[in-house]
Amino acid sequence: MSATPLTPAPARAAGAAPTTEAAEQAGPHPAWGHGFEALLRQDPELAGLLLGETERQATGLQLIAAENFTSPAVLATLGSPLTNKYAEGYPGARHHGGCELVDLVERIATDRAKTLFGAEHANVQPHSGTAAVLAAYAALLRPGDTVLAMGLRHGGHLTHGSPANFSGRWFDFVGYGVREDTGLIDYEQVRALAREHRPQAIVCGSISYPRHPDYAAFREIADEVGAYLIVDAAHPIGLVAGGAAPNPVPYADVVCATTHKVLRGPRGGIVLCGARLAEQVDRAVFPFTQGGAQMHTVAAKAVAFGEAATPAFTAYAHRVVANARALGAALAAQGLVLATGGTDTHLLVADVAPLALDAATARRRLAAAAIVLDVCGLAHGTARGLRLGTAALTTQGMGEAEMRHVGMLLGAALRGEGREGQVRAEVADLAGRFPPYRSHM
Ligand SMILES: *Cc1c(COP(=O)(O)O)cnc(C)c1O
């Protein structure tokens, strides 16, 4: 891959069209190669927006826990002619001609996913994490069934019973939560609710839980009440791939996950299960909830699974966690209070109330310094907090020393104190020293 660093942000308004001469002088883009030049010649307006967004990603600190930088190989595959191919169905059983080569592509993606996660079956077609959860429900449940999942305030995802989502409309969700004293999942409550409501399925998974769930405890509770165990591992699946988090596959009936968070692949989903449920899951994806597979994305998933099977990715996954721990300690030193007191994963949830700030104001101040993260609910009380993750910064090559620096910059941006310009400049300098797309393999 190219080792050309990203050029520094040119002095023009974000979204303004770059000139053809400037792009030609810059040469092939470190991530896009020559593909970008074709877009620029044909549609400068869109090219300007894409270039502006690429610069935004590279010149700030991307701390959104669900985001990452894919490799140039994954980006190239996403931009390949495989997007032209219609491929409804599965390898060897397609509804269209000309699928011989994309069949091989999907078989490789499936085989790599099975090997990576030790699963008997993998479906690599879900268009997103939400589509993967929808397929898991469609495979195992009927409308009106009762499902026990983490309550939304405590970290459940929209697909875990939000009234605004199909899940809350079609199923009867009961919510479990985390303990007020420890912030950890209250397994006694999970067991009590399971006994009381006799759900058809129990969902283990969260958008903000910074610790490893006890999959064995969930399995035992599910078995006791005769429920399926669905693990929505959208966040930790990348750590699982790198051996930096426990694998839910041996415990769950179905594991659904995203491919674009810590796992660092293209935007999409996967479903993993035992051979026993393979046909049910496949039919739930196509034709029940989706049409034609997106073969460019399936191919990019295969590339990402290949990357995730390397020692370099294992080292990366462990660095993500070490960085999250270092960043957590740095935030605590700035006076923020961490949910569960820290993290075992890539993810941190921080209460900014001790700084006499609300989360929305905090996010605004950080955005002004180009420090980008999410606001999320805190389990107890009415205040909201900040959710941060270290996957993207780690991909850029930052380590624990940089995390201590990021913690200081975050604290300074939150306090304001008239140092906004200086903090923004330091953020740009730090990000500029760790350009993305250079350190994947
Ligand atoms: C991110 C996430 C999803 C959904 O992924 P999308 O690709 O945004 O649809 C589902 N469940 C959990 C727990 C998540 O964190």
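The values are calculated or read from the model by the stated rules, or taken from the named source; none is laboratory data. No experiment lies behind these values; they were computed from the predicted model shown. For neighbour counting, all protein chains shown are included, and Cβ atoms are generated from backbone atoms with ideal geometry for every residue, glycine included. Keep in mind that these areas ignore ligands, DNA and RNA; they rest on the heavy atoms of the full protein, side chains included. Shrake-Rupley method; radii C 1.70, N 1.55, O 1.52, S 1.80 Å.
Values for this structure:
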{"item": "Of all residues in the stretch 240-253 being among the small types (Gly, Ala, Ser) and over 20 Å from Ala73 (Cβ atoms), the one that is surrounded by the fewest Cβ atoms within 10 Å (Cβ to Cβ)", "result": "Gly243"}
{"item": "Matching residues, the stretch 89-124, being assigned to a loop (DSSP other than H, G, I, E, B) and open to solvent by 20 Å² or more (accessible area, probe 1.4 Å)", "result": "Pro91, Gly92, His95, His96, Gly97, Gly98, Gly118, Glu120"}
{"item": "Which numbered condition Thr310 misses (of (1) within 16 Å of the ligand (Cβ to nearest atom); (2) out of contact with any helix residue (DSSP H, G or I) (no Cβ under 7 Å at 6 or more places or on another chain))", "result": "(1)"}
{"item": "Residue count, the stretch 219-245 (criterion: away from the ligand (no atom under 16 Å from the Cβ) and free of Cβ contacts under 8 Å to residues at least 40 places away in the same chain)", "result": "8"}
{"item": "Residue identified as among the hydrophobic types (A, V, I, L, M, F, W, C), outside the structural domain of Tyr209 (by TED's automatic domain parsing) and modelled with pLDDT of 95 or more among Ala315, Ala293", "result": "Ala315"}
{"item": "Total residues in the stretch 67-88, condition in contact (Cβ under 8 Å) with a residue 12 or more places away in the chain, in a helix (DSSP H, G or I) and closer than 23 Å to Pro287 by Cα", "result": "2"}
{"item": "Members of the stretch 125-169 found to be touching a strand residue (DSSP E or B) at 6+ places or on another chain (Cβ under 8 Å), open to solvent by 20 Å² or more (accessible area, probe 1.4 Å) and near the ligand (Cβ under 9 Å from one of its atoms), listed by number", "result": "His127, Ser128, Thr130, His157"}
{"item": "Criterion violated by Pro248 - all others in (1) within 14 Å of the ligand (Cβ to nearest atom); (2) assigned to a helix (DSSP H, G or I) satisfied", "result": "(2)"}
{"item": "All positions within the stretch 297-312 that are in contact (Cβ under 8 Å) with a residue 60 or more places away in the chain and out of contact with any Lys or Arg (no Cβ under 8 Å at 6 or more places or on another chain)", "result": "Val298, Ala299, Ala300, Lys301, Val303, Thr310, Ala312"}
{"item": "Test result for Ala73, touching a Cys at 6+ places or on another chain (Cβ under 7 Å) and open to solvent by less than 60 Å² (accessible area, probe 1.4 Å)", "result": "no"}
{"item": "Selection within the stretch 229-239 - outside any loop (DSSP other than H, G, I, E, B) and either surrounded by 24 or more Cβ atoms within 10 Å (Cβ to Cβ) or aromatic (Phe, Trp, Tyr) (or both)", "result": "Ile230, Val231, Asp232, Ile237, Gly238, Leu239"}
{"item": "Matching entry among Asp374, Asp282 (being open to solvent by 10 Å² or more (accessible area, probe 1.4 Å), of a type outside the set (A, V, I, L, M) and not assigned by TED's automatic domain parsing to the domain that holds Ala244)", "result": "Asp374"}
{"item": "One residue from Cys204, Cys273, Cys256 being open to solvent by less than 20 Å² (accessible area, probe 1.4 Å), away from the ligand (no atom under 16 Å from the Cβ) and at pLDDT 95 or above", "result": "Cys273"}
{"item": "Elements of type strands (runs of 3 or more DSSP E) in the stretch 132-228, at least 3 residues being among the aliphatic types (A, V, I, L, M)", "result": "146-150, 201-204"}
{"item": "Selected residue (only one of Thr382, Thr394 is among the β-branched types (Val, Ile, Thr) and more than 17 Å from Leu63 (Cα to Cα))", "result": "Thr382"}
